[in-house]
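Before any comments, here is the structure.
The values are calculated or read from the model by the stated rules, or taken from the named source; none is laboratory data. Owing to the predicted nature of the structure, the values given are computational and were not obtained by experimental measurement. Cβ atoms come from the backbone with ideal geometry, glycine included; neighbour counts cover every protein chain shown. For accessibility, only protein heavy atoms count, side chains too; no ligands or nucleic acids. Shrake-Rupley method; radii C 1.70, N 1.55, O 1.52, S 1.80 Å.
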Amino acid sequence: MRWDIFCKVIDNHGDAGVCWRLARALAADGDAVRLWIDDASALAWMAPEGCAGVSVLPWRGDEIAPEHLGAETAPDVLIEAFGCDPAPAVVAQFAEAIRRDGRKRCWINLEYLSAEPYVERLHGLTSPVFRGPGEGLNKYFFYPGFTAATGGLLREADLSARQAVFDRGAWLAEQGIAWQGERLVTLFSYEPPALASLLSQLAAATEPVRLMVTPGRAAAAVRALCPTGEPGGSLSIAWLPHVPQEEFDHLLWACDFNFVRGEDSLVRALWAGKPFAWQIYPQDDDAHHEKLNAFLDWLQAPPALRQFHHRWNGFANAPELQWPDAPGLASWGETARAARAGLLAEPDLATRLRRFVAQKS
Ligand code: TRH
């Protein structure tokens, strides 16, 4: 099958991250995938080696190079990520292919991940196209999600096998990190309001802690609070470079606690099965509060983990951030592993997408 995925990078790395991961998952089954993306710069570090079966194509100003258009290149499935409106020339080609060969093809609008109840209601619904070269066609909403009645989560077929043979000591040594058994904590965040409190609590911890700080916004936020880069006390910092998606997974697997953000790294934290805290992508009208609570409900987060999330995400009136003690960490780890086990028992997003497309085609 031929798949075209359209991706518009709004900000941060999630748009490219999700689309690349989906492209890889579809190509893993031997299909041909074209990822049309308006800013491929993050793929240079996220996916430096590319992937057999996936071609990354530029998409700017809706102009498509003629060599990428033609009857034989029309996709069987056209995916627009997050309602980004695919290039009209490709839509026209898609519509023409349907008219020409009478075969059904599928147009998917891949939505953002949420645990809110509307996702189960809207997943799979039809959205008629009234304008443009696709007029008269239908799109289908495809919602990723955490339950059986949604589109599921992206997960590689060999994920558990890779995790089973992962050697954290060897991996840390490969990264040049001289690990002496200190607690390792990943920080992938925006600018969490409670970051200063976290840093001082970790510095006052009874055991050594190393904060593994990812580049970009997380690193800038830590630097703003700690310009020397050496917080002192029990806390030390490792400043990390941007690494490919596989190595980002390894980082999450190697750490005892993961601060993640956005959409894709949340899913990766779930697969890592370690205690974690999520900084949700903020929205102007605080719509993200409801979204975060829906996720915490699904996760069956214990009260302390729920409060921790509220404070980490800057909810008004949330109690002070309280870094968990060892039993607390263990209990948050159990919560994460229980969630992971439930999710692993369900089909992954690419599998559900294939089934969905087969039903509609
Ligand atoms: O970067 P993000 O904050 O992206 C956000 C969210 O997706 C948000 O929902 C969306 O609306 C907004 O973008 C536009 O967080 P996210 O989704 O976790 O994406 C980060 C990606 O970067 C993920 O695929 C993991 C990857 N990554 C690496 O591969 N290597 C790295 O070193 C790091 C730090 C990240």
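For the reader, a short list of remarks on this structure follows.
- Conditions (1) within 16 Å of Ile5 (Cα to Cα); (2) assigned to a loop (DSSP other than H, G, I, E, B); number of the one not met by Arg103: (1)
- On the stretch given as region 123-135, residues that are surrounded by 17 or more Cβ atoms within 10 Å (Cβ to Cβ) and either outside any loop (DSSP other than H, G, I, E, B) or at pLDDT below 95 (or both) total 2.
- Filter pass, Ala52 being open to solvent by 40 Å² or more (accessible area, probe 1.4 Å), of a type in the set (Gly, Ala, Ser) and within 15 Å of the ligand (Cβ to nearest atom): no
- On the stretch given as region 193-242, residues that are within 16 Å of the ligand (Cβ to nearest atom) and either open to solvent by 40 Å² or more (accessible area, probe 1.4 Å) or modelled with pLDDT under 95 (or both) total 7.
- Of all residues assigned to region 7-18, none qualifies as being part of a loop (DSSP other than H, G, I, E, B), among the aliphatic types (A, V, I, L, M) and more than 16 Å from the ligand (Cβ to nearest atom).
- Within region 243-258, the residues that satisfy the criterion of being more than 10 Å from the ligand (Cβ to nearest atom) and out of contact with any Phe, Trp or Tyr (no Cβ under 8 Å at 6 or more places or on another chain) are Cys255, Asp256.
- Of all the numbered requirements in (1) in contact with a strand residue (DSSP E or B) (Cβ under 9 Å, 6 or more places away or on another chain); (2) crowded, with 16+ Cβ neighbours inside 10 Å, Arg21 misses one, and that requirement is (1).
Rundown of residues vs (1) assigned by TED's automatic domain parsing to the domain that holds Pro117; (2) touching a Phe, Trp or Tyr at 6+ places or on another chain (Cβ under 8 Å); (3) outside any loop (DSSP other than H, G, I, E, B), yes/no style:
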residue	(1), (2), (3)
Ala277	no, yes, yes
His289	no, yes, yes
Ala294	no, no, yes
Asp297	no, no, yes
Arg306	no, no, yes
His310	no, no, yes
Ala316	no, no, no
Pro319	no, no, no
Gln322	no, yes, no
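- Scanning region 150-185 for residues that are open to solvent by 20 Å² or more (accessible area, probe 1.4 Å) and small (Gly, Ala, Ser) gives Ala157, Ser160, Ala161, Ala164, Gly169, Ala170, Ala173, Gly176, Ala178, Gly181.
- Some residue of region 175-191 being closer than 22 Å to Val243 by Cβ, more than 16 Å from the ligand (Cβ to nearest atom), part of a helix (DSSP H, G or I) and in the same structural domain as His310 (by TED's automatic domain parsing): no
- Residues in region 259-278 that are under 8 Å from the mean Cα position of the chain (by Cα) and near the ligand (Cβ under 7 Å from one of its atoms) were compared, and the one that is surrounded by the most Cβ atoms within 10 Å (Cβ to Cβ) is Ser265.
- Per this entry, Glu96 is counted among residues that are in a helix (DSSP H, G or I) and not aromatic (Phe, Trp, Tyr).
- Test: Val119 is under 22 Å from Val267 (Cβ atoms), part of a helix (DSSP H, G or I) and either hydrophobic (A, V, I, L, M, F, W, C) or within 16 Å of the ligand (Cβ to nearest atom) (or both): yes
- Entry remark, region 198-247: residues being assigned to a helix (DSSP H, G or I), touching an Asp or Glu at 6+ places or on another chain (Cβ under 9 Å) and not charged (D, E, K, R) number 5 in total.
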